[in-house]
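The block underneath contains the structure these notes are about, expressed in structure tokens.
The values are calculated or read from the model by the stated rules, or taken from the named source; none is laboratory data. None of these values were measured; they are calculated from a predicted model. Glycine also receives a Cβ, built like all others from the backbone with ideal geometry; neighbour counts cover every protein chain displayed. These area figures cover heavy atoms from the full protein model, side chains too; ligands, DNA and RNA do not enter into them. Shrake-Rupley method; radii C 1.70, N 1.55, O 1.52, S 1.80 Å.
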Amino acid sequence: MDFPRILSGNWDVPDSHLLSVAKSRGVYSQLPRALAMAPAEITQIVKDSGLRGRGGAGFPTGMKWSFVPPAEKRQGKSVYLLCNADESEPGTFKDRYCLWLDPHLLFEGMAIASRALDCHVGYIYLRGEFRYIARRMEAALAEAYAAGLLGKNILGSGHDFDLYLHVGAGAYICGEETALISSLEGEKGQPKLKPPFPAVEGAWRSPTIVNNVETLAVVPWLIQHGAAAYKAIGTEKSPGTKLFSVSGHVQRPGVYEIPMGIPMTQFINEYAGGLLPGRTLKAVIPGGSSVPVMTPAEVELCSMDYESISTHAGSYLGSGGFIVMDDTTDLVAALTNLLRFYAHESCGQCTPCREGCGWMHQILCRVRDGEASEVDLGTLRDLADNIHSKTICFFGASAAMPVQSFLTKFRGEFLDRVQRRGAGAA
Amino acid sequence: MPKVKINDVEIEVPAGTNMIEAAKLAGFDIPHYCYHPHLSIAGNCRMCMCEAETPRGPVLDIACNMQAREGLAIRTESDKVKAVRKSVMEFLLVNHPLDCPICDQSGECRLQDYYMDHGQYDSRGIEAKVGKHKRQDIGDLIVLDAERCVQCSRCVRFGDEVTGTGDLRLMNRGDHTEIGMFPGTRLEHDYQGNLADICPVGALTNKDFRFERRVWYLRETDSVCTGCSTSCNTKVCHQEGEVFRTLPRRNDDVNRSWMCDPGRQCNSGVGSLDRILRPTVDGVAVPDAFETLAARIKAAGAGRTGFVMGSGASLEANWALLQVVKANCPGAKVFSVAGNNAGAIAKSDGLLMDADKNPNSAGVALLAAWFGGIGGAEDLRAADLSLLVVLEDDIITRLGGNPAEAIAYFGTHNNPTAELASIVIPVAHVVEMDATYVNRQERVQRVRRATNPQGEAVPAYQALEKLGAALGRAPGTSMPTATFSAMARAVPRMNGLDYKALGASGRLLAPTVQPVAPAAPVAEAK
């Protein structure tokens with residue numbers, strides 16, 4: 001299939017993280033053009049392209065940008081552009097390659113976005129575990145500053161954009177945009193109550209746009225090729241290409257850039273190299289650990305885009321963390337492991353998630369160990385329902401959806417576990 | 001003002017009112033833990049979830065973060081809302097130790113109350129509970145039990161927003177989250193008691209009240225703190241004549257929901273050993289102290305008798321004093337001495353504590369201006385007095401010496417003035433009488449009788465009534481209502497005030513200072 005590698009085009013080039021190499025590959029070529037454009041023009045291109053946020057929610061990026069109040073309504077407050085590089089959703093490992101292999105593409109994207117947003121200060125919030133990337137990025141930032149591509153009066157355009165790298169402490173919740181803001185501000189990384197939304201009142205109570213690494217890295221390509229070229233790739237509602245990080249029981253796990261909309265089976269078999277010999281597919285988590293699991297029958301129906309996955313499988317494309325599980329997988333153990341993660345990572349702020357995640361994990365441990373009854377499965381389901389959409393942020397739903405979907409779609413496997421206990425006792 | 005609808009009841013509220021308050025106005029109680037009217041919105045307990053009607057159908061959201069706007073309609077009692085409340089209760093209690101039998105919060109605990117109102121489920125919590133730190137001594141007044149905590153963060157916000165000390169924090173994550181202090185630190189501020197008050201559960205308890213009394217035995221009487229001229233509104237909690245604690249009572253114009261720690265101690269001396277319990281003359285308890293005092297006043301003669309108004313005494317008592325002088329000793333001098341009593345710490349913090357530790361300085365100033373010719377400390381030192389009648393204030397400490405040959409003291413407790421006095425008359429403590437005080441804002445506020453006066457004490461205005469009778473003309477101040485009415489008629493700035501209509505939050509004096517007083521009584525006094 002013929003499509004442009006918008007994000008991963010430079011990944012195979014040696015030393016692609018160095019400014020000289022990046023420049024030779026065309027990075028920063030769009031910055032002068034964009035700086036000469038009117039801010040509204042840039043936003044319009046992004047809007048027209050139909051680009052959807054790549055962090056997981058898939059919210060239209062151009063629309064998010066347009067929520068920033070115009071200068072006359074900002075009461076003199078600055079606008080902040082934050083890059084969410086706290087990639088920590090289990091199963092998702094695409095952004096780290098963008099940051100490691102092509103940091104300058106992200107910087108260019110952020111500089112262009114800053115022009116569109118009338119913003120002069122940006123932060124890259126990097127996941128705490130990515131310290132090795134931080135060192136490389138600091139060097140890349142220094143190179144970009146020295147070349148006048150960041151900082152004051154970029155390329156003589158009169159536009160200032162200072163970009164800082166901020167390394168988090170390694171909390172999953174800090175990938176949630178308001179928690180990211182809390183953490184950046186020096187507070188405990190906990191989500192904030194919405195409304196107000198960050199675009200109106202975010203970091204330091206100023207208008208703030210938080211975008212994923214992959215989202216921002218697409219922006220230079222949009223400036224170069226225009227919205228129509230982007231829309232020509234992918235499907236109507238999911239335009240463009242997307243990075244997918246494939247893990248699990250496939251022959252070639254890794255990160256793949258593909259145009260949206262190709263059949264899921266094709267993706268598994270052609271890109272990820274198919275299942276291991278002699279194995280059959282049992283389940284797929286398509287968009288990072290938080291989204292509902294899919295059955296093999298649903299995989300047959302779906303293609304790799306937002307709308308098909310939600311229509312046919314009631315799940316989400318999410319962050320593109322594509323986890324494949326074959327027939328050797330113990331799904332009860334898999335779900336227990338997932339819930340161990342959520343119980344550990346719940347920020348502990350609001351009641352249902354704080355108390356519920358730990359509780360669900362404890363019940364699942366008993367199910368896994370054959371010490372539970374069918375009543376416990378009912379309790380588990382109730383707890384998940386009582387957490388979902390009752391919390392401040394989306395974490396509660398993220399922990400609840402795997403439980404709900406595993407229990408619904410693979411109920412037999414759970415019933416086997418609780419019934420085995422009965423048999424053993426008799 | 002926007003119109004909102006709560007369970008089909010339409011009500012007009014100020015724009016921006018949150019829906020918990022709006023619902024209260026409409027007569028519906030929305031349960032909540034983290035919301036507090038005088039703290040910022042945290043939205044973390046999830047107990048106040050209601051259904052808001054939207055074009056897409058009903059949507060569950062928290063009432064505390066929902067602001068009134070035209071047309072907003074919510075339901076607080078739908079099946080879905082009830083189910084959410086029940087589940088939130090289940091989550092809150094799953095790791096709660098359920099140690100109600102030994103918990104001081106029992107009886108005024110929101111976990112208990114809301115379980116009965118909104119929980120009532122069969123427990124499914126069979127997992128091991130998460131253990132946390134118990135019995136932590138975090139301040140002079142506060143003990144923290146992290147296991148009982150519901151992580152509502154009220155105390156955290158109190159430290160951040162009210163005292164500005166930022167001392168308490170939510171530590172750790174997930175179900176291991178607990179309230180705590182940074183290592184090596186303690187609560188250092190003067191408002192610790194409020195932490196126990198705003199804690200909706202038994203996590204933060206007040207050392208002064210721990211294991212003292214079950215709250216359901218206590219009766220609450222509205223009162224006012226007499227610790228300083230701020231006069232925070234209070235509830236005096238008492239049982240069978242014993243006062244167990246004093247809590248702040250909400251008055252947005254005076255103290256919002258708070259009071260200081262020294263203020264909480266104001267009523268702890270009600271039954272203390274240094275209370276003056278019976279009238280004494282020259283150190284001997286006598287049945288006819290008023291007659292003796294009257295005789296000595298007459299013997300000294302009006303010209304060499306002085307009277308001192310009490311900035312610690314009620315408005316009624318000061319009025320009674322002036323009426324006794326006016327009717328019986330028109331030639332006597334009246335004084336008022338600013339300052340604090342022995343042992344007072346004159347701390348002022350710009351929040352609630354005022355350096356003027358007298359609850360009625362403004363009331364004394366009001367009556368003094370009306371009466372006219374009142375002398376100050378210098379006048380009193382210069383006066384050549386044979387007998388000085390002192391109402392409640394510790395005049396010896398304030399003057400730094402004895403200005404008269406003999407002192408007659410009307411007071412509640414022993415102090416330097418009482419020790420020097422040849423005649424001592426016991427009067428009722430503030431919790432033992434109905435009266436009014438005027439605070440630094442010139443707000444007239446009522447205190448109510450919670451317990452009976454100790455020993456032979458009576459309210460000071462009644463004691464002065466007896467003195468007046470012994471002198472020949474009683475001032476007619478035995479009843480606080482009638483006394484107040486008389487003042488309201490006579491004192492221009494009090495015109496129109498009604499004792500009963502002072503209500504729970506008091507009334508301000510007329511703002512403009514009227515020309516001082518009718519001429520006649522002043523002329524008489526001179």
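Brief remarks on what is shown
- Sites residue B:240 and residue B:347, calculated FRET efficiency, Cβ-Cβ separation with R0 41 Å, nearest 0.05: 0.75
- Rounded to 5, percent antiparallel among DSSP beta bridges of the protein assembly as shown: 60
- Degrees separating the helix B:79-94 axis from the principal Cα axis of chain B, which is the longest one: 80
- Low-density loop positions, GluC sites (Glu not before Pro), the range A:316-400 - DSSP coil, at most 16 other Cβ in 10 Å: A:371
- The Rg/Rh ratio for the range A:199-265 is 1.11, where Rg is the radius of gyration of the alpha carbons and Rh is the Kirkwood radius.
- Net length gained if the chain between residue B:479 and residue B:129 were fully extended (0.36 nm per residue, minus Cα distance): 120.1 nm
- Kirkwood hydrodynamic radius of the range A:241-326, from inverse mean 1/r over distinct Cα pairs, in Å: 12.2
- Separation of the residue B:210 and residue A:236 label points, Cα + 7 Å toward Cβ, nm: 6.9
- Rolling a 1.4 Å probe over the protein chains gives residue B:121 an accessible area of about 40 Å².
- On Cα atoms only, tilt of B:480-490 relative to the major axis of chain B in degrees: 70
- Share antiparallel - DSSP beta bridges, chain A, percent rounded to 5: 45
- Hits among lysines - C-alpha to C-alpha of residue A:242 under 30 Å, sequence gap 8 or more where chains match: A:23, A:47, A:64, A:94, A:192, A:194, A:231, A:282, A:409
- Highest average packing first - A:91-97, B:307-313, Cβ atoms within 10 Å: B:307-313, A:91-97
- Electrostatic tally near residue B:78: other residues with Cβ closer than 14 Å to its Cβ, Lys and Arg +1, Asp and Glu -1, net 0.
- Net +/- balance of residues flanking residue A:362 in space, Cβ distance below 12 Å, scoring K and R +1, D and E -1: -1
- Rounded to 10°, Cα long-axis angle of helix B:460-471 versus longest principal axis of chain B: 20
- Computed with every protein chain present, the accessible area of residue A:413 is close to 50 Å² [probe 1.4 Å].
- For the range B:313-407, the set of trypsin sites (Lys or Arg not before Pro) satisfying both a DSSP loop assignment and a count of at most 16 other C-beta atoms within 10 Å is given as B:347.
- For residue A:274, residues with placed amide H under 5 Å, excluding near neighbours: A:251, A:252, A:269
- The mean number of Cβ atoms from other chains found within 10 Å of a Cβ in peptide B:83-93 is 4, as a whole number.
- Between residue A:330 and residue B:113, the distance separating the two model label sites (each 7 Å from Cα on the Cα→Cβ line) works out to 4.8 nm.
- Solvent-accessible area of residue A:394 with every protein chain in place, 1.4 Å probe, in Å² to the nearest 10: 120
- Based on the reciprocal of the average 1/r between different C-alpha atoms, the Kirkwood radius for the range B:353-508 equals 16.9 Å.
- Estimated FRET transfer efficiency when R0 is 41 angstrom, pair residue B:452-residue B:161 (beta carbons, to 0.05): 0.50
- Dividing the convex hull volume of the alpha-carbon atoms in the protein assembly as shown by its residue count gives 200 Å³ per residue.
- Peptide A:355-361 - average C-beta neighbours from other chains (10 Å radius): 6
- Derived scalar couplings ³J(HN,Hα) [the range A:337-344; Karplus, 6.51 cos²θ - 1.76 cosθ + 1.60; whole Hz; x for Gly, Pro]: 5, 4, 5, 4, 4, 5, 5, 6
- Ranked by how many other beta carbons lie within 10 Å on average, peptides B:15-26, B:181-192 from highest: B:15-26, B:181-192
- For residue A:106, net neighbour charge (Lys/Arg +1, Asp/Glu -1) across residues whose Cβ lies under 10 Å away: -4
- Across peptide B:177-183, the average count of Cβ atoms from other chains found within 10 Å of a residue's Cβ is 1.
- Between residue B:12 and residue B:253, the FRET efficiency estimated from the beta carbon spacing at R0 = 22 angstrom works out to 0.45.
- Note on chain B: along the principal axes its Cα atoms extend 85, 48, 36 Å, ordered by decreasing extent.
- Label point distance in nm, residue A:153-residue B:56, each placed 7 Å from Cα along Cα→Cβ: 4.9
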